[in-house]
Protein chains: 2
Amino acid sequence: MSIDDYRRQIIEITGRIIELIGERNELAKKIAEAKRLNNMPVDDFEAEERLIDSILKECNNKAVDEDTVLKILSVLMEDSKKVQREVLGSGASTKQRITPMAMASAAMELERSGKKLYRLDVGEPNFEPPPKVVEACCSAVTSFKTHYTQTRGVPELVKALSVYLKRRHGYDARLEQIVVTPGGRFAIFAALSSILKEGESVLLVEPNWPMYREAVEYLGCRPIVVHTELNTNWEPSVEQIEGKIKQHTKAIVLSYPCNPTGKIISRQKFGEIIELANKKHITILSDEIYNDYAYSDCPSILDYDADSFVLTSSFSKSWAMTGFRIGWAVSSPDIIGKMLKIASLMITSVPEFVQYAAIAALESEDVVKRNSERMKTRIDLAVDQLRKIRSLEFMKPDGGMYVFPKVRDGIKDASELAMKLLRERGVSITPGEAFGDYPDHFRISLGQSEDVITEGIRRIGELLR
Amino acid sequence: MSIDDYRRQIIEITGRIIELIGERNELAKKIAEAKRLNNMPVDDFEAEERLIDSILKECNNKAVDEDTVLKILSVLMEDSKKVQREVLGSGASTKQRITPMAMASAAMELERSGKKLYRLDVGEPNFEPPPKVVEACCSAVTSFKTHYTQTRGVPELVKALSVYLKRRHGYDARLEQIVVTPGGRFAIFAALSSILKEGESVLLVEPNWPMYREAVEYLGCRPIVVHTELNTNWEPSVEQIEGKIKQHTKAIVLSYPCNPTGKIISRQKFGEIIELANKKHITILSDEIYNDYAYSDCPSILDYDADSFVLTSSFSKSWAMTGFRIGWAVSSPDIIGKMLKIASLMITSVPEFVQYAAIAALESEDVVKRNSERMKTRIDLAVDQLRKIRSLEFMKPDGGMYVFPKVRDGIKDASELAMKLLRERGVSITPGEAFGDYPDHFRISLGQSEDVITEGIRRIGELLR
């Protein structure tokens, strides 16, 4: 047979595949009708997992790569859900979560109209960046450090980060293990994009920062939720995590101190999770951006022997350099190599003078210490005040810059509370559903001054009384 | 039938789909064997297009979305090629193009070892940024413009850009039509990611900046090449473009003045391409980063009535602000909205003080004018000198900051020439294959001083003699 004959056969088989997808969609429509009758949602994570499981099991002996199967399943499942949504109409569309950024936009809108607000939503400390940093930034711009740099970062900064990692964590990072990024977000995105292929899944311990889920979804991958609860102190159990790991799970995201709860898990628990990850060959992405705002012993991924890991962090919180947009990642040279490709495609490099500002930050440890102490004072202050509000319960944060109270006796949706607070009392908070399935929780950020925190919480108490 | 019954049927059909993919892969192996015998490459763009065409035609009547079909085909074709590469071994892997950045890295390596080089590869003008910009940047950092901003950009900059667009192009851009980005690269990436879905295709007029192709491939989409030639003055024809547009084509990238050729197409041709794009419902992405380095009449997408377009640009070249990493895009509020989501996911915002520096840039038109004049001088100088080298032929650039000569009487691979030049004469250039199928061309950048250009070209002449 000639190539053309084979190709004709390929076209014929491909046609049959598409036909079968058509048949599949007919079934999806019937499922949608049945769901309507039974008042069931379109999204059914468990049913999807059962499908993936049974197909992967079948395929283990077959001539198709697991990678390909997962990609195909990802496309097929999306298509099925689209078909079901069409049948069920607009009511069936996935509920849009309120993001912290959406909340911030609503608040900014009001502020622009002249209203004075108590901003307990902004995840940004109101501290000033270290004087040395401001100086170094200016001096670098003035001396025309205004050029493209290596995507990894200027060698001086990469070296300085490696020295910092040694001092801060006792970790010897080779320069090939480091990349400088435009903020922690980009580090996390590039890391996930380097680790994951379409259709694969990632474990997310909720509640957590919504960015992780958004990045996973942008990449066409599946977030798998490890749900934790206030009444068990936001503690994930190793068994719970193990039970959630599927054949297609490639990573788990850990971030302690946690945004929004302030939880820090124990060194032992952290170690057990790493052991499990090693056993299951999955990568740990440890986002350690709040690591300097920790008020109990806080493990770092660098303290352990993880077979595959990425640490992401940033100058934003510890050094109050949010608006400089600079962060970093530490990983294996292999993963960092992939991250460099993505960074080189999308951004070339971080602004050169910002990189010199970051070097000065690494020489300003005193400021980090002072910021950390100030944040502790704010946590103590907020906790004292929140305890006086009878209708709230919460865990005192072990670190971070947030408190995540639950409204006792249940409210259905803290989003309504948030909008009411904003409109009637001029206080902005972030509803719990931004961070996972927590409709009766909300997040208070301690980024603003003690006065703002005090008055903001007083007003929350007033409204809840 | 119950939902569970339907689900069992879905699993069964999905299993058959995977089985067919297995059969398909068996055929791919046979094709690989036949290709080995006939010494044919794995990648066969035309065969892929025939497959897509015939499947899409069949599907027009069927119960499967075109979106879904294209995604499935994209996965299947990738899988087939992987299978074929496994059969054919490492020799069959796609040839890695040399990127300008790879060339720059090799050069930087040599420089660090102490070697003095004539850098004719760097796409960065050696001009200084405007004094006002440096001042504004410092003053913004010092006054603590160091916070997160709106993802779109601070309102003052967005407003200033809108005023600039009016002044520069007579275009009235609403603020919802603008987004500030960390460089032109990010603007282009976010634009393509907003326009394209997996498996769709984009027309690229080659030679061009390799970033476009890399972004399209990262997104799982198909670049379709419109090849242009020196002997027809790098002119794409409208018929040629029309012939390349497929059902799955969603965009065409134009960038004039062209990197690397310096070509500017006529206002009329530009208009005809837009008319064609409107007729075919495809989006024009016009990258106008070299627009101020134009020495013949240079059309902008804003001069026309394109139904769907994105303009991307940057402060890097006109204002010599490469290391500030700031650019912008103008499009419909709908596309800009999608771009904002991507930017908000990956980077939050451009550094606040950098945005204030950009406002100062927009007030420094005199500097742009001076830079433009200096670049013209360099083009004239380079052209004069290159004309003396008998073995080279080229088109005198209409604009931009590069010349793209062809080595007469053919060399097989300008990469070898580039390495030889670098090692033996200390001159770095970028081989033509970085920009498309141009193995006997190379790019000279005019970013460096007149002295460097003169001596660099002299050495090229020496080697070629």
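Quick notes
- On Cα atoms only, tilt of A:155-169 relative to the major axis of chain A in degrees: 80
- Proximity of backbone amide H atoms, modeled 1.01 Å from N, is registered between A:Tyr171 and A:Lys166 at under 5 Å, excluding neighbours fewer than 5 places apart on the same chain.
- Taking all Cα-Cα distances within the protein assembly as shown, those exceeding 38 Å account for 48%.
- As computed over the range B:40-162, the Cα convex hull volume per residue (Å³): 300
- Our coupling estimate for the range A:144-151, obtained by passing each phi through the Karplus curve with A = 6.51, B = -1.76, C = 1.60 and θ = phi - 60°, is 6, 7, 10, 10, 4, 10, 3, 4 Hz, Gly and Pro reported as x.
- Averaged over the residues of peptide B:148-154, the number of Cβ atoms from other protein chains lying within 10 Å of each residue's Cβ is 3.
- Accessible surface of A:Arg408 - all protein chains present, 1.4 Å probe, nearest 10 Å²: 100
- In terms of overall dimensions, the range B:262-317 has a Cα radius of gyration and Dmax of 11.5, 34 angstrom.
- Per-residue HN-Hα couplings for the range B:350-361 [Karplus 6.51, -1.76, 1.60; θ = phi - 60°; Hz; x = Gly/Pro]: 6, x, 4, 5, 5, 5, 5, 4, 5, 4, 5, 4
- Within straight-line reach of B:Lys420, meaning a Cα separation under 19 Å, sit the following lysines at least 8 residues removed in sequence or on another chain: B:Lys115, B:Lys116, B:Lys406, B:Lys412.
- Percent of alpha-carbon pairs separated by more than 17 Å within the range A:206-266: 42
- Computed over chain A, the quotient of the alpha carbon radius of gyration and 2.2 N^0.38 Å is 1.07.
- In a DSSP loop and with at most 11 other Cβ atoms within 10 Å, there are no trypsin sites (Lys or Arg not before Pro) in the range A:36-73.
- Unmatched cysteines, chain B - criterion: no other Cβ of a Cys under 4.7 angstrom: B:Cys59, B:Cys137, B:Cys221, B:Cys258, B:Cys298
- Per-residue mean of foreign Cβ neighbours for A:339-350 is 6 (Cβ atoms of other chains, 10 Å radius).
- Hz values of 3J(HN,Hα) by residue in the range A:24-41 - Karplus curve (6.51, -1.76, 1.60), Gly and Pro given as x: 4, 5, 4, 5, 4, 5, 5, 4, 4, 4, 5, 5, 4, 4, 9, 6, 9, x
- Accessible-area rank, largest first, for A:Met211, A:Met101: A:Met101, A:Met211, with all protein chains present and a 1.4 angstrom probe.
- Per residue of peptide B:119-126, the mean number of Cβ atoms on other chains within 10 Å of the residue Cβ is 1.
- When the listed pairs A:Lys197/B:Lys338; A:Lys197/B:Lys341; A:Lys263/A:Lys369; B:Lys159/B:Lys250; A:Lys250/B:Lys145 are checked against a 28 Å cut-off, the alpha-carbon distance exceeds it for B:Lys159/B:Lys250; A:Lys250/B:Lys145.
- Debye, to nearest 20: dipole size of the protein assembly as shown, +1 on Lys, Arg Cβ, -1 on Asp, Glu Cβ: 1340
- Evaluated over the range A:313-465, the Cα radius of gyration and Dmax, each in Å: 19.4, 56
- Beta bridges per DSSP with both ends in chain B, % antiparallel, nearest 5: 45
- Rounded, prolate or oblate (a/c below 1.5 giving rounded, otherwise prolate when a/b exceeds b/c) for the range A:292-378 by Cα gyration tensor: oblate
- Of the listed residues B:Ser349, B:Ser391, B:Ser139, the order by accessible area with a 1.4 Å probe, largest first, is B:Ser139, B:Ser391, B:Ser349.
- For the range A:193-349, the share of DSSP beta bridges that are antiparallel, to the nearest 5, is 20%.
The values are calculated or read from the model by the stated rules, or taken from the named source; none is laboratory data. Fair warning: this is a prediction, and the values are worked out from it, not measured in the lab. Positions of Cβ are generated from backbone atoms using ideal geometry, with glycine treated the same way; all protein chains shown enter the neighbour counts. The accessibility values were calculated without ligands, DNA or RNA, using every heavy atom of the protein model including side chains. Shrake-Rupley method; radii C 1.70, N 1.55, O 1.52, S 1.80 Å.
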